[in-house]
Amino acid sequence: MVISLEKKLIRKDVYFDLPFLISVKDGFRDPTLDDWFEAYQKGNPLPFSKYAPHNNEPSTTVIGGGCPVYIPPDEKVDPYILNLPEIKVTTPETQIKIPETQVKILFLRHVNPNTEVKVIGELIGDRNGKISFSSVLVKIDINIVKPEYYWDMNLFLVIALFAINTFIENYRVIADRPYIRPVTAAEIQQFHLRTLFEDGTYQWAQLKGVSGPLYGFGYSISDDKDKDLRKALLEDNSPSMDKILDVEIRNYLDLNEWRLALIESAVLFEAWLSTYLRQEFKDKGLNESEIKKKS
């Protein structure tokens, strides 16, 4: 679809799949899944939908229903409205300030189509969407940014992630889903951005969420590291505590878990300082008993 840039923009919608299920009523529908379901009911060849089994898939077991997909009821559900604080988004060129605003969030539940057993429901503890998961639609008013940023896709991605993570922080406490946590762009990977115009037309774009370089499957860890790994496994060795803490800290940073990263950093520093001081006391001729008294 070719869209004239002279048309007035009214909203940006960011659409993506979560790694887990949000167990709230469905707020929108997926047309491709509806088409699949209609063909399934009529016994016609099944059109493609990434949320449904393919034509050449072997027979499967369905638990909780008679159809291997879930189609939401027609009832209208109000979106979740979030009041977001001011957000500062840093780009390579500048820092963009997003004022306090409201966004709307809608959800759609899905059965995982890539399993032999299709479960029409939620399995508590399914943090990776192996049984079911949700799609999310975040609606963002175009007027919260200046016109020069209307086509900055990354900017709206950041706003959408901030919104869904604000939702998740509240949902996991109120709904008692402790295994669910905020997400990052690299975890989601695939985002769809829809630009809506005043005349009812729209334009779709896709965006990948990445956090580092891509290594092809021709790549593997070095021979030295592979040798060290095999040796550690044969000798039943666990990594040293400082190395464990180091990778945990970097993992928390990647997940934007700033508080946990700070706590683990303090533990790592304390462990390093304790080892350093013990060695210093030992070098000065103190015995173990004397060193222990100073600990």
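The values are calculated or read from the model by the stated rules, or taken from the named source; none is laboratory data. Just so we're clear, the structure is a prediction, and the values are computed from it rather than from any experiment. Ideal geometry is used to build each Cβ from the backbone, glycine not excepted, and the neighbour counts take in all protein chains shown. To get the accessible areas, we keep the full protein, side chains included, count just its heavy atoms, and leave off ligands, DNA and RNA. Shrake-Rupley method; radii C 1.70, N 1.55, O 1.52, S 1.80 Å.
Note that the chain presents 66 Å² accessible area per residue, ligands and nucleic acids not counted, probe 1.4 Å.
In degrees between 0 and 90, to the nearest 10, how far off the longest principal axis of the chain does helix 223-234 point, with axes built from Cα atoms? Long axis of 223-234 versus the principal axis of the chain: about 80 degrees. The angle between the Cα long axis of helix 153-174 and the main principal axis of the chain comes to about 80°, on a 0 to 90 degree scale. Distance between the C-alpha centres of the stretch 61-95 and the stretch 118-172: 5 Å, rounded to the whole angstrom.
If you take the alpha carbon atoms of the chain and fit the smallest convex hull around them, that volume is 252 Å³ per residue. Solvent-accessible area of the stretch 77-149 (1.4 angstrom probe, protein heavy atoms only): carbon and sulfur portion equals 47 percent. Rolling a 1.4 Å probe over the protein heavy atoms of the stretch 249-295, with every protein chain left in place, gives an accessible area that is 57 percent carbon and sulfur.
Using only the Cα atoms, work out Rg/Rh for the stretch 1-145, with Rh taken as the Kirkwood radius, to two decimals. Don't skip to the end; give the middle numbers.
On the way: Rg = 18.8 Å, Rh = 17.8 Å.
Reported Rg/Rh, Kirkwood definition of Rh: 1.06.
Packing around the peptides 34-41, 21-28, 194-201, taken as the average count of other Cβ atoms within 10 Å per residue, puts them in this order, highest first: 21-28, 34-41, 194-201.
With a cut-off of 11 Å between beta carbons, the residues surrounding I81 carry a summed charge of +1, where Lys and Arg count +1 and Asp and Glu -1.
Hey, could you get me the Stokes-Einstein D for the stretch 83-149, Kirkwood radius over alpha-carbon pairs, 25 °C and 0.890 mPa s, rounded to whole µm² s⁻¹? Display every interim value, and only then the final one.
Details: Rh = 15.2 Å.
D, rounded to a whole number, is 161 µm²/s.
Given Cα pairs under 8 Å that are at least 6 residues apart, what percent is the relative contact order of the chain? Over the chain, the number comes to 20 percent. Computed over the stretch 255-295, the Cα gyration tensor eigenvalues convert (square root of 5λ each) into semi-axes of 31, 9, 5 Å, ordered from largest to smallest. Alpha-carbon geometry of the stretch 8-90: the Rg and the Dmax are 17.3, 52 Å, given in that order. If I fit a long axis through the Cα atoms of helix 258-283 and take the longest principal axis of the Cα atoms of the chain, what angle between them do I get, 0 to 90°, rounded to 10? Once rounded, the angle reads 10 degrees. With bins 10 Å wide beginning at 0, the percent of Cα pairs of the stretch 152-203 falling in each bin runs 20, 41, 26, 12, 1. Ellipsoid fit via the Cα gyration tensor, the stretch 137-230: semi-axes of 35, 22, 11 Å, each the root of five times an eigenvalue, largest first.
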